[in-house]
1. For residue B:132, state whether it is within 14 Å of another protein chain (Cβ to nearest Cβ), of a type outside the set (A, V, I, L, M, F, W, C) and touching a residue at least 60 places away in the same chain (Cβ under 8 Å).
2. Does residue B:422 satisfy the criteria of being of a type outside the set (D, E, K, R) and either out of contact with any Phe, Trp or Tyr (no Cβ under 9 Å at 6 or more places or on another chain) or away from chain A (no Cβ under 14 Å) (or both)?
3. All but one of (1) surrounded by fewer than 24 Cβ atoms within 10 Å (Cβ to Cβ); (2) over 17 Å from the mean Cα position of the chain (by Cα); (3) more than 19 Å from residue B:318 (Cβ to Cβ) hold for residue B:443; which doesn't?
4. Considering (1) surrounded by fewer than 14 Cβ atoms within 10 Å (Cβ to Cβ); (2) of a type outside the set (Asp, Glu); (3) touching a residue at least 60 places away in the same chain (Cβ under 8 Å), say which one residue A:148 fails and leave the rest.
5. Among the listed residues B:398, B:465, identify the single one that is touching a residue at least 60 places away in the same chain (Cβ under 8 Å) and aliphatic (A, V, I, L, M).
6. Which one of these does residue B:399 not meet: (1) touching an Asp or Glu at 6+ places or on another chain (Cβ under 8 Å); (2) aliphatic (A, V, I, L, M); (3) under 21 Å from residue B:312 (Cα atoms)?
7. For region B:226-243, how many residues meet the condition of being away from chain A (no Cβ under 14 Å) and either assigned to a strand (DSSP E or B) or of a type in the set (S, T, N, Q) (or both)?
8. Got at least one residue in region B:309-320 being more than 14 Å from chain A (Cβ to nearest Cβ), touching a His at 6+ places or on another chain (Cβ under 7 Å) and in contact (Cβ under 8 Å) with a residue 12 or more places away in the chain?
Amino acid sequence: MTEYFIRRVLQSLLVLVLISIVTFGLIHAAPGGPTQIFLAPGLSQEAAKIQAHNLGLDRPVYEQYFSWVGGLLKGDLGYTFKNHVPVGQILWPTVQNTVILMSVAWLLSLLIAIPWGIYNSTKEYGLSDQTASFVAYIGFAMPTFWFGILLQELFALELDWLPLSDMWTMGQEGNLGNLFMHMILPVSVLTLGFLASYSKYSRASMLEVLEQDYIRTARAKGVKENKVIFRHALRNALIPVITVLGLDLPILVSGAALTESVFNWPGMGRLFIEMANAREYSVLMAIALITAVVVIVGNLIADILYAVVDPRVQLGKGGKSA
Amino acid sequence: MVKTKKWVALLATLTLVGALFVGCSNSNKSAEGGSTKAPTGSETNANKSTDKPVDGGTLTFSSFSDIVSINPIYIDNTASADAAKFVMANLYDLDRKGNLAAEPWSLAAELPKVSADGKTYEIKLKKEAKWSDGQPVTADDVIFTIDTFRNPKAGSPGIGQFDKVDKLEKIDDQTVKITLKQVFAPFQYSLFNQLIPYHVLKDVKPEDLKNNAYGKDPAKTVTNGTWKWTEWKQKQYLTFEKDPNYWGQQPHIDKVVYKIYADQNTEVQALIKGDVDMVQAIPVTQVEAVKKKQGLTVLLAPGPQYEYVAFNFKPENFPDKFVPFTGVKTRQAIATALNREGMINNILKGTGTKLNAPFLPNTWADPGSAVTEYKYDPEAAKKLLAEDGWVAGSDGILAKDGHRFSFELQYNAGNSRRQQVATVIQQNLKEVGIEVKPKAIDFSSWADNNLTPGKFPAVLLSWSLNNPDPDGEQTFSSKYFPPNGQNMGWYKNEKLDKLWVDGYSTVDQAQRKKIYEEVGKEISTDLPYVFLYQYGQPQGLGSRVKFAEADAPEASLPYGAFFHIQNWWVTQ
C-alpha cells in the first residue's frame, strides 16, 4: 500500500510537470498577448518595449517558464500583469468560495441521488423511478444558467423570499444564516445538475448487480431483501459510482462558471473566464495547476476507495486498479 | 481623461462585456458651446426633483467589470474611471455642453488663462483644496502629475495627452504655467484630469509607480475628492464614504457602493429587485422589461461613441493586390446601399443617431447639413457602382478588370450587436452585387494581428471619444499609419491631412468650427469609413435616486452617467 502510494505520487508529479509545460506553451501560443490589452496607442514603441521588459514578456517562453516554476517552488504564484496584484490574493478567496458552493451542492446531490437510485432499482418503473427519470431529463436538458434565471425570477423577484445573487449581503459577511439564504438558489441549480447523473448511475449500477448470480443465491437461501440490498449488493454497486465521483471531483474546485456568473458568486469559474479574456497568464496557470492537482488527487482517492469497498482489489499487488 | 487603446474601447463597449473601456482622447467630440443632447425630460421624470435634497443614505451602482487601479496615471477603462470619479477631484470638470469648467468640486479655482499666442495656460488652484491626509493640493502636484504622465518610464496610457508640453513652471503654491511646444487647441481637455500627490509619491521611481499600492490599496491611496475610498473587495464591490475632512462642500449621499456583476441579466434583475440603484448598460433586449417596471427609468440618449465600417486601402491586404475600394464612387455606393435607419431601429432599438462624419451629432463641431448625406437607396448605389466600372458577373456578383467584388468584413467575436449589423451589411450589399464575408475574431488576437498592423480588408468597429474635442488627426491622417498610429486602413488624403493640422493650430473656436465644417464636407464625400451611427448603452435608474434638472446625467459626455453626482441625493 505504502509503496503503491509513493509510486502514484511520483507519477502524479511527473504528470503535473508535463501538464504545466503543455499549458504554459499553449497559453503563450494563443494569439494576442497581455500587452495588447493594455498598451495604449499613444505609447511609443520604445515605451512599449520598456513595459514588455518590465513584465518579462520579451524573454523566450522557456525562460519565462523556468522563472515561473522557480517562483512556484517558493510558493510564489506571480502577479497579474495589468495591476500587479499577487495572484494568490485574487485566487484563494475565489477557490474557497467555489469549494463552499460546490461541495454543499455535491454532497447534497449524493445524499439524495444514491439512496434514491438504490430505492428505484428495487422498484423499477415505479412512480418514484419515473419521477427520477423525469428529473434526470430536466437536469440534463435544461441549461443551468436558464434554470438559474427562472429560479431568480420566481423566488427573488416575484415572491421576494430569497436574495437574487451574491454570497453575502454587504455588511453581513460572516453571518452564516445570510450565507445559507444566498446559497439556496445556486445550490438548487447545481444539485439538480449533479442529481441527474448520479441517480442514474447508482440505479443502473445497482440493477446490474442485482442480476448477479450471488444475489440470486443470497435470495434463494432466504436472506432478507434489506440485507441483500445493503450487505450484498450495495458495496459492489458503488464501485462504478465512485469512479464517476472521483472524476467529477475537480468540478468542486474549478466551479461552474455559468452558475457562478448568474448568481454573481465570487468563485473561481468566473475568475477563469475573466482572466482568460485579459490574458493574465499567471492566474490562468495557477488555476490550471490547481485543477490538475485535484484531478490527480480525485483519481487517487477513487482508486483507494475501490480497495475499501471491494476487498478483491488489492492496491499495489497487480490489482485492477493500478 | 485618459487615452486608451480605442479598440479596447470598442471591444468592450460593444461586447457583452459591457465594460466600456474608454477611447483614445485625441480624436474627440463635442466641445465648448456644443449643444449636446440632454436625456429628454420625460425619461428622467421619476428622478428629477425640485424637493429639498435629503442628506444621508447609500447609492449603489453596478458595473460589469472590476477596477484595475484608480491611480489617474494608469486609468484606461471606464470601470476604474468611474470609481476614481468619486474619490479623486478633477483639476477641471466639464459642463453639460462639454466645455471645460471650474466647478465647486474641481481643484482649479477658475478657467485656465490662455495666452494670446495660444501656447501658455496658467492654472490657479483653490487654496482650500486638500488631500485626504490633510496636506494642501499644490502646484507641485500638478507639475508632478504631468511629468509622470509624460515620462515613458512610467508607462502611462495617457502619455499622448501631454506630448505637446514644453515647460512647466511653478508661479506660486497655487499657480502653474504650462507652455506648449506649439498651439494645440485640444490640449485644454488634457486638463480634464486628476492629480497624484507629490508629497506621497515623489520618492517612487516612475518605473515602479505602476506596481505601487497607490491606486489599489484604499488605505494607501491618498485622495482629494468628495468621498473617500474605504474598501475594495476584488471582483465584488468597492465602497466610498463621506469624508468629514473633505475640503469642499459635503455631498448629500453618505455612502456609494460600486457593485460588480458578472452577468448582465443578473445586473438588470438586481435593478428591478432594488439591490442596485443604477445600471450603466442595460442590454437592448431587456430595455422593455425594465421600462415596464414601476419606478424604474431607462435613459436612451446615445453616448460619446460611433460605429463605422473602415476600408483598407493597402493593396497587400487583398488577394491579387487589388483594392476594390479605390474608387470614391464605389465607397459612396456602399454608403448608399446600407440601411442605417433599419440598423438603428431594429438592432439598437432606437438608441442611436445616424452620422456621416466623425463628429457627434449636436456637438459644436458637428458640421450639420454641410456634410454629404447618404440615403438608403439600392438603385442609386447600383448606378454609382456601374459608373465606377463595375459589371455584374455570371454569378450576379460585380467584377472589374477580372476581380470579383468580394471582401471579408471583420468584427470581434462575442459582440452580438456587431454580429447582427454585419449580417445586415452582408444582405444590403448583396442586393447591389457585392459579396461580403463577415468574420468574427477573438478581440485580443484581432487587435494584435489585424488592427494594430493594419492588416484586414474591412472592419466593423467603433471609436469611443473620451474628451469632447473634434480633433481626429491620429485616426485619419497619413502621419499616423500603423503600427504607430490609428489610421489602420492606410487612408491618405492630403487635403484632410492639412485640415486636421489647421483645426488644432488655433484656439479660436469660431475658426475651428469653420475648419471642421470643411473636414466634415471632405470626409463625408471621400469616405475613409462608412460612418454608421452614434450609439449608446441604455442606462437604468431606480426611483430612490434624485437630482435637480440641472444635475441630470448627461449620456453624451464622457463619464456623464455621474454628472454632478455631488448634488444628487437618495430617498429611503
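The values are calculated or read from the model by the stated rules, or taken from the named source; none is laboratory data. A quick note: this is a predicted structure, and the numbers were derived from the prediction, not measured. Glycine also receives a Cβ, built like all others from the backbone with ideal geometry; neighbour counts cover every protein chain displayed.
1. Working: within 14 Å of another protein chain (Cβ to nearest Cβ): no; of a type outside the set (A, V, I, L, M, F, W, C): yes; touching a residue at least 60 places away in the same chain (Cβ under 8 Å): yes.
Spelling it out, it is not the case that residue B:132 is within 14 Å of another protein chain (Cβ to nearest Cβ), of a type outside the set (A, V, I, L, M, F, W, C) and touching a residue at least 60 places away in the same chain (Cβ under 8 Å).
2. Working: of a type outside the set (D, E, K, R): yes; either out of contact with any Phe, Trp or Tyr (no Cβ under 9 Å at 6 or more places or on another chain) or away from chain A (no Cβ under 14 Å) (or both): yes.
Judged against the criteria, residue B:422 is a match.
3. (1)
4. (1)
5. Values: B:398 fails: touching a residue at least 60 places away in the same chain (Cβ under 8 Å).
From the options B:398, B:465, the qualifying one is B:465.
6. It is condition (1) that residue B:399 fails.
7. Quick first cut of region B:226-243, residues away from chain A (no Cβ under 14 Å) only: B:226-229, B:242-243.
Filter again for either assigned to a strand (DSSP E or B) or of a type in the set (S, T, N, Q) (or both), leaving B:226-229, B:242.
Total satisfying the criteria: 5.
8. Within region B:309-320, the subset more than 14 Å from chain A (Cβ to nearest Cβ) is B:309-320.
Then drop every residue that is not touching a His at 6+ places or on another chain (Cβ under 7 Å), which leaves B:320.
Among the residues that remain, those that are also in contact (Cβ under 8 Å) with a residue 12 or more places away in the chain are: B:320.
There is at least one residue in region B:309-320 that is more than 14 Å from chain A (Cβ to nearest Cβ), touching a His at 6+ places or on another chain (Cβ under 7 Å) and in contact (Cβ under 8 Å) with a residue 12 or more places away in the chain.
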